[in-house]
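Structure, as structure tokens:
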Amino acid sequence: DHDHSYKQLFSHPELVRDLLRGFIKEEWINDLDLDRLERVNGSYVADDLREREDDIIWKVPFRDDWVYVYLLIEFQSIVDQYMALRLLTYIGLLYQDLLKTKQIPSGAKLPPVFPVVLYNGRKPWDAPLRIEKLIQEVKGGLSNYRPLFQYLIIDEHAYQDAELPAYNLVSAIFKLEHSQKPEDVRAVVSNLIAWLKHPDQLSIRRAFTVWINRVLLPARLKDQEFPETSDLMEVENMLAERVKEWTEEWKNEGLQQGLQQGLQQGLQKGLLQEAREMVLDAFDAKFGEVPSYVQEKVGAMTDRGKLKQILRTVVNAKSLEEVEKEITWN
């Protein structure tokens, strides 16, 4: 659902237009006729019969010719160090397909391709953007024969909400994924309702509705069942009706993920003091107080497994009394 609904969004020219206009700060973008974006068939077969399906490829007039926009949406939480190689391979297959289907006149040059990786993982993207960085450098001139290729990364979590372009559909996606509480989602949904009023925009409204209802909200509220919605107005009404109930669950879910991630990082680094502080922060965030005996006990702990167990107990408990019943300090 996640991959499919996300790709459905970027199958609409409005999203691609906003992505290029709002996030690509290069002069050549001004020479594109973005009102004439055309979707390219994203399924083609290489000589070894391996299919590439669901690639999001668009072509757009560029001065007196065409430029192809190869948009790869990367959903993995682990950064792919060899992304440059993957994209170089995919673009080679695209060129091969254009030649086979005679979309390029005999003897003509290949069209330019703009490769973009849209990444929404939590870890900052640190993979090489240039293919030559993946190839061993050899002295004596052999390095001159390394291929030259690079792609553009748009790392969603590198943007603060205040930095995002205004009145932009891609910004709306980023803000929804950055959202900390249901009220944040509702505010963005209200904007989308105002922006997508035209009858011709029914399909993109539906794509946003499906993505929010089947992907975004279930990721925040894992134990909830959501009524099927067919329009953004229904999503907004649902959020309005249940905002109070969901805010507490959303808060607990975010608290659990954030604290456990921070604790795990601290333990992996062997930083026991940071791990102890994380547990105490959990007490403070959940119950608004840290009893003195808890500070004493946690401050003296050297058992990493015990610290993780206490953190899980605090995050999942509904009261301080429940924590005291569950934890055996010695």
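The values are calculated or read from the model by the stated rules, or taken from the named source; none is laboratory data. Quick caveat, the model's predicted, so the values are computed rather than measured. Virtual Cβ from ideal backbone geometry, glycine too; neighbours counted across all protein chains shown. These accessible areas exclude ligands, DNA and RNA; they are computed on the full protein's heavy atoms, side chains included. Shrake-Rupley method; radii C 1.70, N 1.55, O 1.52, S 1.80 Å.
List of remarks:
- Listed pairs Lys181/Lys297; Lys123/Lys181; Lys7/Lys318; Lys25/Lys59; Lys25/Lys123 exceeding 28 Å between Cα atoms: Lys181/Lys297; Lys7/Lys318
- Extension gain (nm, one decimal) between Ala158 and Glu26, 0.36 nm per residue minus Cα-Cα: 45.7 nm
- Computed over protein heavy atoms with a 1.4 angstrom probe, the accessible surface ordering of Trp66, Trp58, largest first, is Trp66, Trp58.
- Probe 1.4 Å, all protein chains present, accessible-area order of Lys25, Lys318, largest first: Lys318, Lys25
- Portion, in percent, of the accessible area of segment 166-210 that falls on carbon or sulfur, probe 1.4 Å: 53
- Per residue, the convex hull spanned by the Cα atoms of segment 77-179 amounts to 157 cubic angstrom.
- Extension gain for Asp64-Glu277 works out to 70.5 nm (0.36 nm per residue, less the C-alpha to C-alpha distance).
- Calculated FRET efficiency for the pair Asn316/Glu228, C-beta based, R₀ 22 Å, to 0.05: 0.15
- Per-peptide average of other Cβ atoms within 10 Å, ordering 79-91, 203-215 highest first: 203-215, 79-91
- Accessible surface ranking that places the most exposed of Val138, Val315 first, with a 1.4 angstrom probe: Val138, Val315
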